[in-house]
Amino acid sequence: MRAYHTDRFVIPLPPGHPFPMDKYRRLRERVAAEASGVELHEGPAATESELLRAHDADYVRRVCAGRLSADEVRRIGFPWSPELVARSLHSCGATLAACRDATRDGVAAYLGGGTHHAFRDHGQGYCVFNDAACAALMLLDEGLARRVAIVDCDVHQGNGTAAILRDEPRAFTFSIHGARNFPREKESSDLDVELADDTGDDEYLATLASALETTFARSEPDFVVYLAGADPHAHDRLGRLALSSAGLRARDRMVLQRCRSAGVPVAITMAGGYGRDIDTTVAVHAGTIAEGAALS
């Protein structure tokens, strides 16, 4: 299985910033050391034309030129820097590359991504460009897929993805997330499943199994973009759910095996993860990659 990384592109953050940027380097190192059957590559930069499938030209150009307003920067949650631009471009490009590989190999991954809070004309929640929406539209426009399903298991609703793809009938958005978690004002996905605080393994997995059947029945996809997310973990600082590491591994296996049983290629992105212990988050992400490699 091919997996892309962008950990060379590090965003400089002020002291005390809550985003765990170091998890990407640690994840790449762990995958390189432990994951058999994974071929690592640095992610390419997305082109402007690729970004414009999902984003307004004015927004893309102002991001790249450092001309965002103070309010727009605050909403994203990262200070603007050339490194932010480079990472955002390569992050989106890495997901696009993983999608192209998956059409050939059946499964591929990016050790980052899942930036599902980015809207067409603004960023939000540590998300600058929406890689899942760009990927879905790229696959459809290039004839690599006829129907794309977004399976979003990050603990936060994929609001930006839902908004960007709302009027695209060939794309189906499914999000399973905490009901009381960010964002406060949610968009309408094609299928939203909201979970109560402290939902654990058994309830989560049963709910997900049913929702996956609904997703596949309604969308009949021939490609899936999977946003895994380590943030449903019980020890995540932002998650509010109560899944164990074993439960999250079972979740990954369920999603990926459902894709395999339908004969549908899948591209995997990591999405969120903000563990009190960064090693726990890295281990969950590494488990996702291991399940993907086992599928290839």
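Selection of segment 266-279 for residues being surrounded by fewer than 24 Cβ atoms within 10 Å (Cβ to Cβ) and either within 24 Å of Met138 (Cα to Cα) or touching a residue at least 60 places away in the same chain (Cβ under 8 Å) (or both) yields Tyr274, Gly275, Ile278, Asp279. The condition (being within 15 Å of Thr47 (Cα to Cα), in contact with a Lys or Arg (Cβ under 7 Å, 6 or more places away or on another chain) and modelled with pLDDT of 95 or more) is satisfied by just one residue among Cys153, Cys92, Cys134: Cys134.
Among the residues making up segment 141-170, those that are of a type outside the set (S, T, N, Q) and farther than 21 Å from Ala102 by Cβ are Val155, His156, Gly160, Ala162, Ala163, Arg166, Asp167, Pro169. Scanning segment 186-200 for residues that are of a type outside the set (Asp, Glu) and either open to solvent by 60 Å² or more (accessible area, probe 1.4 Å) or not in a strand (DSSP E or B) (or both) yields a total of 6. Looking across segment 217-270, the residues that are in a loop (DSSP other than H, G, I, E, B) and either basic (Lys, Arg) or touching a Lys or Arg at 6+ places or on another chain (Cβ under 7 Å) (or both) come down to Glu220, Pro221, Asp222, His235, Arg237, Arg240.
From the list Pro221, Pro183, the lone residue that is under 28 Å from Arg75 (Cβ atoms) and open to solvent by less than 20 Å² (accessible area, probe 1.4 Å) is Pro183. The residue that is nearest to Ala217 (Cα to Cα), counting only those in segment 246-261 that are touching a residue at least 24 places away in the same chain (Cβ under 8 Å) and open to solvent by 50 Å² or more (accessible area, probe 1.4 Å), is Arg258.
Out of curiosity, is Ser296 polar (S, T, N, Q) and farther than 23 Å from Ala136 by Cβ? So Ser296 does not fit the description; no. I need the full set of residues from segment 1-38 which are within 21 Å of Ala102 (Cα to Cα) and without any contact (Cβ under 8 Å) to a residue 40 or more places away in the chain, in order please. Ala32 - this is the single residue of segment 1-38 that is within 21 Å of Ala102 (Cα to Cα) and without any contact (Cβ under 8 Å) to a residue 40 or more places away in the chain.
What do you reckon, is Gly239 small (Gly, Ala, Ser) and buried (at least 24 other Cβ atoms within 10 Å of the Cβ)? So Gly239 passes the test.
The values are calculated or read from the model by the stated rules, or taken from the named source; none is laboratory data. Keep in mind that what you see is a predicted model, and the values were worked out from it rather than measured. Every residue, glycine among them, receives a Cβ derived from its backbone with ideal geometry; neighbour counts consider all protein chains shown. Note: accessible area is taken over every heavy atom of the protein model, side chains too, but ligands, DNA and RNA are not part of it. Shrake-Rupley method; radii C 1.70, N 1.55, O 1.52, S 1.80 Å.
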